[in-house]
1. Quick one: which of 377/410; 172/203; 286/487 span more than 25 angstrom between C-alpha atoms?
2. If you take every residue apart from residue 102 with its C-beta less than 15 Å away from the C-beta of residue 102, what net charge results, scoring Lys and Arg +1 and Asp and Glu -1?
3. Could you give the nm distance between label points at residue 235 and residue 216, where each point is 7 Å from its Cα heading toward the beta carbon?
4. Test of understanding: what is the full-extension gain from residue 200 to residue 384, defined as 0.36 nm times their sequence separation minus their Cα-Cα distance?
5. Report, by chain and number, residues whose modeled amide H sits under 5 Å from the one on residue 179, excluding near sequence neighbours (fewer than 5 apart, same chain).
6. May I ask you to order 342-348, 217-223, 188-194 by the average number of other C-beta atoms within 10 Å around their residues, highest value first?
7. Expressed as a fraction of 2.2 N^0.38 Å, the rule-of-thumb size for a compact globular protein of N residues, what is the C-alpha radius of gyration of the stretch 339-427?
8. For the pair residue 377 and residue 300, how long in nm is the line joining their label points, each one 7 Å along Cα→Cβ?
Amino acid sequence: MKRAIRYLRFSQLGQSNGSIERQELYTDQWLKFNNVELVDTFIDRGRSAKTFDRPDFIKLQEFISKHFKSVDYLLVDQMDRFSRDAGEAMSMVKTLQRKYNIQVVSVTEGITFDYDTPGSFFRAGLQLLLAEEDNINRSIKIRGGLYTARAKEGRYIGIKPPFGYVKLGEGKERKLVIDETEAKIVKFIYDAFLHDTPLYIIKEKARALGFPKRGNTAVERILANPVYAGMLQVQGYKEYPGGIFPAIHEAIIDTATWQLVQSKMKKPEKIRTVLDEDLPLRGILKCHCGNYLTGAPSRSKSGKYFHYYKCKFSKHNNISAIKAHKQLLEIWELMSLPKNRLLEIKQSTNKAIEENLKASKDKIIEKKLILEETQQKMFSVEEKWIKNEISKDTYDRWYSSYSNTIFSCKSAIERLGKFESNAYTILQKNLDMLGDMKNIYLQADIIQKREFVKLVFDSNLYYQDGIYRTPTMIDVLSCNHLLMKEKGLLLYDKKRDDFPIIPSSGVAGNRTRVQTSN
């Protein structure tokens with residue numbers, strides 16, 4: 001009696017039981033009619049037939065290589081269950097027959113494929129080509145439907161919603177809705193990144209806030225995903241262009257912020273700076289030679305540790321962190337503004353904001369006119385393309401140009417409108433803080449301290465000969481700069497645009513830039 005093995009593949013688990021019963025019925029009939037014994041069954045569930053890289057098919061091949069002498073047939077339900085790639089399938093049928101002397105049988109189609117018989121070979125090839133054509137047509141319909149849903153209807157199509165959203169609704173009415181708890185974490189990630197917070201710190205804080213993703217690039221994927229700005233990244237389909245398209249769901253962050261993040265992500269990655277509460281100025285404060293100071297603890301003879309800021313050149317700066325921090329707190333005290341000065345600033349700032357608001361409103365009107373004109377031009381181009389009055393290359397060129405203009409106008413309108421609503425609130429909330437700069441610094445966490453220093457001195461704070469130096473500083477905070485100089489705290493020389501070049505001690509043959517005072 002001849003012997004056979006059976007291979008089943010189900011792409012949808014929900015249909016497996018019924019399909020198995022139908023296969024068993026046909027298989028039993030074929031085995032009984034041909035007097036063949038079934039010795040084993042291999043089943044792949046939820047696997048694609050595009051390749052033979054399937055778990056149970058691999059086990060099937062291993063079984064055949066060991067027991068092929070006792071197997072005559074390989075039974076399959078039908079050829080499209082076996083494979084949807086005609087070339088690979090024909091090669092597999094040939095291998096099974098020529099190498100192992102095993103013939104493939106489609107039990108539901110009643111066909112035994114014999115590679116050496118022309119008629120059987122033709123029927124096998126035809127069945128496989130039909131299966132592959134069906135797969136291609138199905139793929140085209142799916143990709144076309146996905147393009148329409150994403151690019152034209154603005155719907156998010158995905159099994160799981162992105163972090164920060166939940167899915168609500170059914171069918172075409174289903175859309176993303178903001179999860180407020182998760183959205184706060186997304187906003188934190190974007191805000192922290194724009195404030196130059198190191199990525200490893202963003203990841204730590206995000207996880208502490210409840211961010212569940214543990215992948216090495218999970219935060220980077222959040223930052224790069226246009227979904228959070230109310231947009232979708234869509235692949236091109238046939239003659240239809242791909243790109244970023246507006247979506248119907250609500251955005252968590254504004255488009256201007258998303259664009260700023262994308263621009264920043266394209267820049268070369270900065271050298272990683274490890275943050276230390278005892279050394280908040282590490283990687284912020286510069287040596288007079290221009291290199292950022294590193295920092296580390298040093299152990300004294302008594303066993304106690306003291307922190308120092310150091311330059312990579314051994315004969316340059318080696319500063320006691322205690323001294324540097326004490327000096328900086330005294331600088332903040334002298335920068336604090338008296339009440340009468342705060343009142344003057346508030347009055348002049350209110351006037352400036354009113355002027356800016358008026359200019360912003362005029363700008364919004366201008367941008368809206370440009371937006372409306374551009375949308376009309378895009379509609380005209382689409383109409384000409386549909387009527388075959390212009391070529392695809394011409395359509396793509398104008399479509400890209402108009403899309404960029406529309407996106408830019410919408411971002412500008414959103415940004416200007418946001419300024420209009422928030423300007424007064426920001427002024428009233430933050431201006432009074434200028435009266436107590438030292439307290440602001442002391443209450444800040446390490447990330448805020450670093451941002452504060454960079455903001456006040458425009459990332460140009462140096463240290464030389466026991467004193468801070470800077471060529472740039474927020475002008476309104478410089479009123480006591482002569483007193484700072486007198487006390488040996490800070491030299492501020494805003495008149496000079498560059499540092500004079502003088503020979504540097506400690507590095508032979510090297511010339512460095514040094515800030516000098518008047």
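Read-outs throughout are calculated quantities, based only on the coordinates presented, and are distinct from any laboratory measurement. Note that the structure is a prediction, hence the values are computed from the model and not measured. Counting neighbours? That spans all protein chains shown, and the Cβs are built from the backbone with ideal geometry, glycine included.
1. On the way: 377/410 16 Å; 172/203 35 Å; 286/487 21 Å.
The pairs that break the limit, which is 25 Å between Cα atoms, are 172/203.
2. Values: positive: 2, 3, 6, 66, 69, 94, 98, 99; negative: 37, 40, 62, 72, 114, 116.
After counting each charged neighbour, the total is +2.
3. 2.5 nm
4. On the way: separation 184, 0.36 × 184 = 66.24 nm, distance 5.09 nm.
Extending this stretch completely gives an extra 61.1 nm.
5. Sorted by chain and number, the residues that satisfy this are 165, 166.
6. Values: 342-348: 13.1, 217-223: 17.0, 188-194: 19.0.
With the highest mean Cβ count within 10 Å placed first, the list reads 188-194, 217-223, 342-348.
7. Values: Rg = 20.2 Å, N = 89, 2.2 N^0.38 = 12.1 Å.
Relative to the 2.2 N^0.38 Å estimate, the stretch 339-427 comes out at 1.67.
8. 7.1 nm
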